[in-house]
There are 2 protein chains.
Amino acid sequence: MKKIAQGPLTSFYPLPTLLIGAMVDGKPNVMTAVYGGLANGKPPKLNVGIVRSRYTWNAIEVGAAFSVNIPSASQAKQVDYCGVESGANADKIAKAGFTVFYGDLGTAPLIEECPINIECVATHILDFDMHSLVVADIKQTHVSEDCLTDGVLDTTKVDPMVFLTAPARKYARVGEVLGDAFKMGLELK
Amino acid sequence: MKKIAQGPLTSFYPLPTLLIGAMVDGKPNVMTAVYGGLANGKPPKLNVGIVRSRYTWNAIEVGAAFSVNIPSASQAKQVDYCGVESGANADKIAKAGFTVFYGDLGTAPLIEECPINIECVATHILDFDMHSLVVADIKQTHVSEDCLTDGVLDTTKVDPMVFLTAPARKYARVGEVLGDAFKMGLELK
């Protein structure tokens, strides 16, 4: 297969689509982020990348509580809105029709309509040219009751959003299941 | 919606499915990783999480060249194999039927069969209890010619894999497109 060198791109597929909740100037705010993932297994840590010109950045420092909310595909329009509007100009939570609740930390605003809500506390921040990479301890995970099957989180009910970064710049659903991890490769072993 | 607190989980959806290539003990090796994403937009940086007991970890230090290869859904079995076998025990690249090539850096093994190959150099490493978070500069991106449409990367041709972490632990395809980012939310603005 012929390969074409395209320069140093951010063509990394797929990315998650996340809503980051934080208290900014004493009020709950939410922003959309697609730079993020898991940073450690046990104890669980996650990381998110935030552009420092974003309103939410004012709330982030080591020790700060914030939330990562996993939206479902049915919320794509609201999620995109929370990325194209700034909390400096609008009450995005109200305009998106979202409801805020608080969990164990008390200061990380959580979006009730999102199936999974992760409460976290920032532990490390690396400042790069455009984004700061924020690493955080996952302190608690709240799941909507209707996304459980026999008490266990059911991803088909979560119906998470997938982000396809540039040049696509599209949101998608998770599609066809290909197989079980740690299992389908065993026949090659 | 009633919420159920489930404790601090790594239930973060979706995650990417990546093949990390590195020279270990002078030979090219590849491992599967699902902790990873973008860390900075311009200039592009990515991050991956690697468990330090993995064979590939021997090749990683600040300044080391390695690759992140984005596989396509048709490679799910081989990708899973590269996660359940160790390079200490087998030539995974040969057993998976992969072909290695080298790009600008010369020392980051790239998997020809993967539609996107990213060459990078580690710049920061944060060691956590289980994983080390490796941040790297993206130096070059190679794309298979058959994944371009009019010279531009076409994600539908890449057909990337989505990883659904515990409790699902499944690979999936990207499904139905929901809409355009930075566009579908504008009507709420």
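Every read-out reported here was derived from the displayed coordinates using simple, explicitly stated rules and does not represent laboratory data. Bear in mind the structure is a predicted one, so any value in this text is a computation, not a measurement. Cβ: placed from backbone, ideal geometry, glycine included. Neighbour counts: every protein chain shown.
Starting from the Cα-Cα distance between A:ASP91 and A:VAL121, subtract it from 0.36 nm times their residue separation and give me the gain in nm to one decimal. Present the calculation step by step, with values, prior to reporting the outcome.
Numbers: separation 30, 0.36 × 30 = 10.80 nm, distance 2.37 nm.
Length difference between fully extended and current span is 8.4 nm.
Assign one of three labels to the stretch B:56-152, namely rounded, prolate or oblate, based on the Cα gyration tensor with a ≥ b ≥ c the square roots of its eigenvalues; rounded applies when a/c is under 1.5, prolate when it is not and a/b is larger than b/c, and oblate otherwise.
oblate
Run through the other copies and list how far each one's label point is from that of A:VAL177, in nm with one decimal, shortest first; the point sits 7 Å from Cα along Cα-Cβ.
Those separations, rounded to one decimal, come out as 2.7 nm.
Near the axis that takes chain A to chain B, which A residue has its beta carbon closest, and at how many Å?
Axis-proximal residue of A, distance in whole Å: A:GLY175, 1.
Write down the Å³ per residue value for the convex hull defined by the alpha carbon atoms of chain A.
On the way: hull volume 31.3 nm³, N = 189.
Per residue, the Cα convex hull of chain A comes to 165 Å³.
Would you please give the residues with an amide H less than 5 Å from that of A:ALA181, counting only those at least 5 places away or on a separate chain, with H modeled from the backbone geometry?
B:LYS170, B:TYR171
Are there any trypsin sites (Lys or Arg not before Pro) in the stretch B:37-67 that are in a DSSP loop and have at most 14 other Cβ atoms within 10 Å? List them by number.
Numbers: sites: B:LYS45, B:ARG52, B:ARG54; in loops: B:ARG52, B:ARG54.
Sparse-neighbourhood loop trypsin sites (Lys or Arg not before Pro): B:ARG52.
Anyone know which of A:GLU61, A:GLU176, A:GLU145 comes out most mobile in the 10 Å Cα GNM of chain A?
A:GLU176
Using 27 Å as the Cα-Cα cut-off, could you pick out the over-long pairs in A:LYS2/B:LYS92; A:LYS157/B:LYS45; B:LYS157/B:LYS189; A:LYS2/B:LYS95; A:LYS3/A:LYS170; B:LYS3/B:LYS42?
Working: A:LYS2/B:LYS92 23 Å; A:LYS157/B:LYS45 33 Å; B:LYS157/B:LYS189 33 Å; A:LYS2/B:LYS95 22 Å; A:LYS3/A:LYS170 25 Å; B:LYS3/B:LYS42 38 Å.
Pairs exceeding 27 Å: A:LYS157/B:LYS45; B:LYS157/B:LYS189; B:LYS3/B:LYS42.
Radius of gyration and Dmax for the stretch B:7-79's Cα atoms, expressed in Å?
My reading of the Cα-based Rg and Dmax gives 13.4, 43 Å.
From other protein chains only, count the Cβ atoms within 10 Å of every residue's Cβ in A:107-118, then give the mean.
Partner Cβ neighbours, averaged per residue: 2.
If eta is 1.567 mPa s and T is 4 °C, what Stokes-Einstein diffusion coefficient results for the stretch A:36-78, Kirkwood Rh from Cα pairs, in µm²/s? Provide the component values of the computation, followed by the final result.
On the way: Rh = 12.6 Å.
This corresponds to a translational diffusion coefficient of 103 µm²/s.
Where in the stretch B:33-65 does the amide nitrogen come within less than 15 Å of the point 7 Å from the Cα of B:ALA166, taken along Cα to Cβ?
B:34-35, B:51
Using the basic label-point model (7 angstrom from Cα toward the beta carbon), what is the A:ARG52 to A:THR156 distance in nanometres?
Modelled inter-label distance: 4.6 nm.
Students often forget the sequence filter, so: which aspartates and glutamates lie under 12 Å Cα-Cα from B:LYS139 once same-chain residues fewer than 8 apart are removed?
Cross-link targets: B:ASP104, B:GLU119.
Report the residue, chosen from A:LEU153, A:LEU15, A:LEU110, that carries the largest GNM mean-square fluctuation when chain A is represented by alpha-carbon nodes joined by springs under 10 Å.
Its mean-square fluctuation being the largest, the pick is A:LEU153.
When only Cα pairs under 8 Å and 6 or more residues apart are kept, what is the percent relative contact order across chain A? Mind dumping the intermediate values first?
Working: 374 pairs, mean separation 45.1, N = 189.
Relative contact order comes out at 24 percent.
Between copies, how far apart are the B:ASP150 label points? List them in nm, one decimal, shortest first, with each point 7 Å from Cα toward Cβ, please?
Distances between equivalent label points, in nm: 5.1.
For A:ASP91, place a label point 7 Å from Cα along the Cα-to-Cβ direction in every copy; what are the distances to the other copies, in nm, shortest first?
6.6
Evaluate the protein assembly as shown: find the radius of gyration of its Cα atoms, find its Kirkwood radius, and give the ratio Rg to Rh. The partial results should precede the final answer.
Working: Rg = 19.5 Å, Rh = 20.5 Å.
Here Rg/Rh amounts to 0.95.
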